[in-house]
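The values are calculated or read from the model by the stated rules, or taken from the named source; none is laboratory data. Here the structure is a predicted model, which means the values were calculated and not measured. Here Cβ is always computed from backbone atoms with ideal geometry, including for glycine, and neighbour counts include all displayed protein chains.
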């Protein structure tokens, strides 16, 4: 009981207590949101599938057995086999690793970059804001997929280049959000107090501004992960992402598009995986938006 009261204290005595209390409130509110729970379940299955792929898959993702090519789903091959006799279920399972790696790396690259650019732009204003937001608007003026295709084509095919291309097209949205948050914070009393105490601009941005932008950034990153997955699948489908024989879901759909009418399972099964995982991230993002909304605090 004392621990709960300490976590829910409206006047935390330290930064650590405030962070722990916020995390505790989120842990209480998140399970009450059915969509968030569904998203957590789907993403947890994705993570566990990626970790334990060798134990879950019926066989390796690259073995070719032409004598059993294009077999329909059955007890031996739960999702059927493709044009080279490879077990589709096994390839979908191993493809979860690639999908999770793409999502994680794009988020790790683009979110901090966008957060920092947006915070600097909103904090300093003036010509700094004009230059940084001008560059941001140039990126935002073009569709993400088209821009990603252009960068991927320039960098060359490959999963590493696809990750870089997607990250380049993703950070502007985060910069805009961070800038908007910073504009509401930079004239706050606690920022003015930090200046009076002699805090540098770097310390104010890193210790006071960026932490307050984190909640909005987490929500946006989670919601954007579905788009990242679809963009990566699009690049793979067009041959600019992961290269054969890698079991990337977009590349698997590309390889099965010629058989869509007669052997529908070749392209449909990885397509179902993309849809399911994308929905999981959308559900979780919606749940986090409800839980992390400042207007909802204090209802626990």
Point to revise | Scope the range 251-271; condition exposed (fewer than 15 other Cβ atoms within 10 Å of the Cβ) and either touching a helix residue (DSSP H, G or I) at 6+ places or on another chain (Cβ under 7 Å) or at pLDDT 95 or above (or both); matching residues | key: 257, 260
**Study point:** Test for residue 23: is it in a helix (DSSP H, G or I), under 27 Å from residue 226 (Cα atoms) and modelled with pLDDT under 90
**Key:** yes
**Study point:** So residue 235, is it at pLDDT 90 or above and in a helix (DSSP H, G or I)
**Key:** yes
Revision key, fill the gap. Checked pairs for the range 172-187, first under 20 Å from residue 147 (Cα atoms), second surrounded by fewer than 18 Cβ atoms within 10 Å (Cβ to Cβ), C-beta under 6 Å and 6 or more apart or across chains, list as 172/139; 172/140
Review point. Yes or no: residue 218 within 23 Å of the chain's Cα centre (by Cα) and part of a helix (DSSP H, G or I)?
Key: yes
Exercise for review: For residue 210, state whether it is surrounded by 15 or more Cβ atoms within 10 Å (Cβ to Cβ) and either assigned to a helix (DSSP H, G or I) or free of Cβ contacts under 8 Å to residues at least 12 places away in the same chain (or both).
Suggested key: yes
Point to revise | Single match in 209, 277 (criterion: over 24 Å from residue 44 (Cα atoms) and touching a helix residue (DSSP H, G or I) at 6+ places or on another chain (Cβ under 6 Å)) | key: 209
Study note, to complete from the structure: Filtering the range 43-72 down to residues that are out of contact with any strand residue (DSSP E or B) (no Cβ under 9 Å at 6 or more places or on another chain), in contact (Cβ under 8 Å) with a residue 60 or more places away in the chain and within 20 Å of residue 265 (Cβ to Cβ) yields 62
Review point. Here are some residues: 129, 137. Which one is touching a helix residue (DSSP H, G or I) at 6+ places or on another chain (Cβ under 9 Å) and free of Cβ contacts under 8 Å to residues at least 40 places away in the same chain?
Key: 137
Point to revise | Residue that is farthest from residue 232 (Cα to Cα), among those in the range 85-97 that are in contact with a helix residue (DSSP H, G or I) (Cβ under 7 Å, 6 or more places away or on another chain) and assigned to a helix (DSSP H, G or I) | key: 88
Point to revise | Every residue from the range 188-207 that is under 25 Å from residue 106 (Cα atoms) and surrounded by 18 or more Cβ atoms within 10 Å (Cβ to Cβ) | key: 205
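If I go through the range 232-250 residue by residue, how many of them are crowded, with 17+ Cβ neighbours inside 10 Å and under 13 Å from residue 91 (Cβ atoms)?
Adding up the residues that qualify gives 7.
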